[in-house]
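Report on the structure given below.
The values are calculated or read from the model by the stated rules, or taken from the named source; none is laboratory data. Just so you know, these numbers come straight off a predicted model, no measurement behind them. Note that each Cβ is placed from the backbone with ideal geometry, even for glycine, and that neighbours are counted across all protein chains shown.
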Amino acid sequence: MPRQKHGRKLDGWLILDKPQGITSTQAVNKVKRALDAQKAGHGGTLDPLATGILPIALGAATKTVPYVMDGTKRYHFTIHFGESRDTDDAEGAITGTHAHRPTDAQINATLPAFRGLIMQIPPAFSAIKVDGERAYDLARAGAPPELPPRPAQVDSFELIGRPDADTAQFEVSSGKGVYMRSLARDLARACGTVGHITVLRRLRVGPFTEDMAVSLDTLLDPAHTPPALAEFLLAVETALDDIPALAANASEVHALSNGQAINLVDLMGRIPDNANPDNGLVRVLAAGRVLALARLSEGWLKPERLIQHLS
């Protein structure tokens, strides 16, 4: 007999403005309890120190998490020069000091080396697995791993403020898996000193922005019941707004729902102009709702992920 699921069946996205001091998993659990939801996950981890946009997927929206995580992220962060920390942020222990403080001109001259596709060594305190164990568990046990460099796409990296000689403020837009703590650490080193992040805020994840976000205090307010909180949910397809849309008829919906590919000849005139014909992704719509994600490949539309069943 299948195990009965607890909570309400909710499908959609809730965009949380995560407060400082809790993990992303803790934030998801608090939201899940507040909404009395059956199933929840998140679209991109934020460190406990960090605040800002944490997209939380409920129900069918969990199927779209990988596409959200692939989207562009935008951050603001502050570097404190002169101290290195084992976590590369203010929560760690001091591991070194340096008297040099870079000028604005020196910082701006160094920034171009950190734009584009770069190689980046993740922080020792990260969730990367090493021989089956999380790097942060090894680091906490006193044996921080030597992590190899990995590709990281940094679309923009700008100096936006200089409160004093010890600190500098930056805005970054980046792709998936780029560590702001590593950017801060490596920029400080390239400027001839050491440094760590003291403030980190995420402003955007893919299509999700600050104006869509809800505070945790609002969600946990006893005056708000779970049904009322559901009004904060965004539709599942909101996560896919930047993927070209293709409308399907009833027979095509049936075929895709059963894992069958459709010949592109049958879709002539409906294939979006901005869809990449060479393995490009499209969201398949039926009656204005997203049915599935599918790829244009070798003359066929091949279903990749069924998002929801449409009756």
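Condition (residue is under 15 Å from Asp86 (Cβ atoms) and surrounded by fewer than 18 Cβ atoms within 10 Å (Cβ to Cβ)) applied to the stretch 117-126: is it met by at least one residue?
Among the residues of the stretch 117-126, at least one is under 15 Å from Asp86 (Cβ atoms) and surrounded by fewer than 18 Cβ atoms within 10 Å (Cβ to Cβ), which makes the answer yes.
Does Thr103 fit the bill of being surrounded by fewer than 15 Cβ atoms within 10 Å (Cβ to Cβ), of a type in the set (S, T, N, Q), free of Cβ contacts under 8 Å to residues at least 24 places away in the same chain and over 27 Å from Ala135 (Cα atoms)?
yes
Got at least one residue in the stretch 5-15 being at pLDDT 90 or above and surrounded by fewer than 18 Cβ atoms within 10 Å (Cβ to Cβ)?
No: zero hits.
Within the stretch 156-166, identify whether any single residue is modelled with pLDDT of 95 or more, more than 30 Å from Arg283 (Cα to Cα), out of contact with any strand residue (DSSP E or B) (no Cβ under 7 Å at 6 or more places or on another chain) and among the acidic types (Asp, Glu), and answer yes or no.
There is at least one residue in the stretch 156-166 that is modelled with pLDDT of 95 or more, more than 30 Å from Arg283 (Cα to Cα), out of contact with any strand residue (DSSP E or B) (no Cβ under 7 Å at 6 or more places or on another chain) and among the acidic types (Asp, Glu).
When the stretch 93-123 is examined, which residues are found to be assigned to a loop (DSSP other than H, G, I, E, B) and touching a Ser or Thr at 6+ places or on another chain (Cβ under 9 Å)?
Ala93, His98, Ala99, His100, Arg101, Pro102, Arg115, Ile121, Pro122, Pro123
Could you please find all residues in the stretch 9-26 being within 16 Å of Val68 (Cβ to Cβ) and either of a type in the set (Asp, Glu) or assigned to a strand (DSSP E or B) (or both)?
Result: Asp11, Gly12, Trp13, Leu14, Ile15, Leu16, Lys18.
Being in contact (Cβ under 8 Å) with a residue 24 or more places away in the chain and farther than 27 Å from Arg74 by Cβ, is that true of even one residue in the stretch 226-233?
yes
Please find, within the stretch 194-215, the residue that is surrounded by the most Cβ atoms within 10 Å (Cβ to Cβ) out of those that are assigned to a helix (DSSP H, G or I) and in contact (Cβ under 8 Å) with a residue 60 or more places away in the chain.
The residue in question is Met212.
Can you name the residue in the stretch 298-308 that is modelled with pLDDT of 90 or more and outside any loop (DSSP other than H, G, I, E, B) and, of all such residues, is farthest from Ser257 (Cα to Cα)?
Checked the stretch 298-308; the qualifying residue farthest from Ser257 (Cα to Cα) is Trp300.
Pick from Thr238, Thr218: which is outside any loop (DSSP other than H, G, I, E, B) and within 22 Å of Tyr75 (Cα to Cα)?
Thr238
Is the stretch 93-103 home to any residue that is small (Gly, Ala, Ser), under 26 Å from Thr25 (Cβ atoms) and outside the structural domain of Gly44 (by TED's automatic domain parsing)?
The answer is yes, given that some residue of the stretch 93-103 is small (Gly, Ala, Ser), under 26 Å from Thr25 (Cβ atoms) and outside the structural domain of Gly44 (by TED's automatic domain parsing).
If I ask for residues that are among the β-branched types (Val, Ile, Thr) and closer than 13 Å to Ala190 by Cα, which ones from the stretch 101-123 would you list?
Thr103, Ile107, Thr110
Say whether the condition of being in a loop (DSSP other than H, G, I, E, B), touching a residue at least 12 places away in the same chain (Cβ under 8 Å) and within 16 Å of the chain's Cα centre (by Cα) is met by at least one residue in the stretch 27-40.
No; the residues of the stretch 27-40 include none that is in a loop (DSSP other than H, G, I, E, B), touching a residue at least 12 places away in the same chain (Cβ under 8 Å) and within 16 Å of the chain's Cα centre (by Cα).
Out of Pro66, Pro55, report the one residue that is assigned to a strand (DSSP E or B), outside the structural domain of Glu146 (by TED's automatic domain parsing) and either closer than 18 Å to Ser156 by Cβ or of a type outside the set (Asp, Glu) (or both).
Exactly one of Pro66, Pro55 is assigned to a strand (DSSP E or B), outside the structural domain of Glu146 (by TED's automatic domain parsing) and either closer than 18 Å to Ser156 by Cβ or of a type outside the set (Asp, Glu) (or both), namely Pro55.
Do we have any residue at all in the stretch 57-71 that's in contact with a Lys or Arg (Cβ under 7 Å, 6 or more places away or on another chain) and buried (at least 22 other Cβ atoms within 10 Å of the Cβ)?
Within the stretch 57-71, one or more residues are in contact with a Lys or Arg (Cβ under 7 Å, 6 or more places away or on another chain) and buried (at least 22 other Cβ atoms within 10 Å of the Cβ).
Scanning the stretch 248-281 for residues that are at pLDDT 90 or above and in a strand (DSSP E or B), which turns out surrounded by the fewest Cβ atoms within 10 Å (Cβ to Cβ)?
Asn263
Considering the stretch 124-148 alone, what residues qualify as being under 22 Å from the mean Cα position of the chain (by Cα), part of a loop (DSSP other than H, G, I, E, B) and of a type in the set (A, V, I, L, M)?
Once the filter is applied, which keeps residues that are under 22 Å from the mean Cα position of the chain (by Cα), part of a loop (DSSP other than H, G, I, E, B) and of a type in the set (A, V, I, L, M), the stretch 124-148 yields Ala124, Ala127, Ile128, Leu147.
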